[in-house]
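The block underneath contains the structure these notes are about, expressed in structure tokens.
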Amino acid sequence: MGRTLAQNRVAALGALTLALFAASIALVFFYAPTDASQGFSQRIFYFHVPIALTSYACFGWGAWKALRVLWKRELSADVESYVGVHLGVVFGALTLITGSIWARASWGHWWVWGDDQLVLFLVLFLFYCAYFMLRYSVDPGRQRANMSAVYALFGVVLIPVSFLAIRLSHSLVHPTVFTSHGPQMTAAMFLTFCVSWAAMMSLFATLYHVELTGKRLDASLRELRELLA
Amino acid sequence: MTPPPQSPPSEWQYVAAAYLVVFVAMLAWVAIIGAKLQRLQRQVAELVERARARG
């Protein structure tokens, strides 16, 4: 019963993700107006920013589960934290690649070292890449879960710093779209952005459940193999 | 003879490249999960055989 519910949930999430992606693509290319200052290349924004926000959400989720490992002594939350961080790194890599392409199209450069937000996002990404080196250098068990959890929690501090960097540095290179006066875009652009972000969050939820199921199945099989040995 | 000068990619090519990267990553992820499922299926079959052999 529980397994059927889990399978149905993954199937429902997968279907929702596909529907949201289809809607997002249609809105990006057939509904959202072309930006007056950046032109057609501004359409990269509708995937790039939601991917970046989703990677923050993944790292945040990984940190929340890490907190549960340390606070509630829940060893099962360790794998959930790991999957959150893993997906955060995948979304982070996509943020860097799509951002680089957008930078080339808009600014004429693949990367600008003088932009605080770019550099801080790279630091956050590399910090979480090192998480895997730490994790796999320790044998599985309580010690590994605790060390990984502490590391994941340290990294989450970088998220608000990375998010606020653009506002603190008053960078002229990286555009500030969301200010204290609300989103600086038309209603059509904002709707397209919201649908794209919902699609990315739904993709995260789907990938999270599929990867978590695979990890748990792997662990069960390992246990069964040991019992049958 | 000098080669003809290459024109820089147009804006839509950059947009297409950015969206393509995301879809290729998604396809790669599906392929990796597919391979993992096949490996798990093989392992389950092996364990079933082992359990049967034990009676």
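For the pair A:Arg142 and A:Leu217, what calculated FRET efficiency results from E = 1/(1 + (r/R0)^6), where r is the Cβ-Cβ distance and R0 = 25 Å, to the nearest 0.05?
Details: r = 22 Å, r/R0 = 0.89.
Taking R0 as 25 Å, the efficiency between A:Leu217 and A:Arg142 is 0.65.
Hey, could you get me the Stokes-Einstein D for the protein assembly as shown, Kirkwood radius over alpha-carbon pairs, 37 °C and 0.692 mPa s, rounded to whole µm² s⁻¹?
Working: Rh = 21.1 Å.
Calculated translational D: 156 µm²/s.
Between B:Ser10 and A:Val119, what is the FRET efficiency for a Förster distance of 22 Å, r being their Cβ-Cβ separation, to the nearest 0.05? Provide the component values of the computation, followed by the final result.
Numbers: r = 29 Å, r/R0 = 1.32.
Plugging the Cβ-Cβ distance into 1/(1 + (r/R0)^6) gives 0.15.
Which number do you get for Rg(Cα) / (2.2 N^0.38 Å) in the range A:71-229? Walk me through the numbers before you get to the answer.
Numbers: Rg = 19.4 Å, N = 159, 2.2 N^0.38 = 15.1 Å.
Cα-based Rg divided by the globular estimate yields 1.28.
For helix A:116-135, report the angle its Cα long axis makes with the longest principal axis of the Cα atoms of chain A; keep it between 0 and 90° and round to the nearest 10°.
10
Modelling each spin label as a point 7 Å along the Cα-to-Cβ direction, I'd like the A:Thr34/B:Phe23 distance in nm, to one decimal.
Result: 2.1 nm between the two label points.
Over chain A, calculate the relative contact order: mean separation of alpha carbon pairs under 8 Å at least 6 apart, over the residue count, as a percent. If you can, show how the numbers build up before the last one.
On the way: 223 pairs, mean separation 74.7, N = 229.
Relative contact order, chain A: 33 percent.
From the square roots a ≥ b ≥ c of the eigenvalues of the alpha-carbon gyration tensor of the range A:1-157, which class results: rounded (a/c under 1.5), prolate (a/b over b/c), or oblate?
Numbers: a/c = 3.31, a/b = 1.43, b/c = 2.32.
It comes out oblate by the Cα gyration axes.
Quick check: net charge around A:Glu211, other residues with Cβ under 12 Å of its Cβ, Lys/Arg +1 and Asp/Glu -1? Present the calculation step by step, with values, prior to reporting the outcome.
Details: positive: A:Lys215, A:Arg216, B:Lys36; negative: A:Glu80, A:Asp218.
Result for the local shell: +1.
Taking the radius of gyration and the Kirkwood hydrodynamic radius from Cα positions alone, what is the Rg/Rh ratio for the range A:5-54, to two decimal places?
Across the range A:5-54, the Cα-based Rg/Rh ratio is 1.15.
Every read-out reported here was derived from the displayed coordinates using simple, explicitly stated rules and does not represent laboratory data. The structure displayed is predicted, hence computed values, not measured ones. For neighbour counting, all protein chains shown are included, and Cβ atoms are generated from backbone atoms with ideal geometry for every residue, glycine included.
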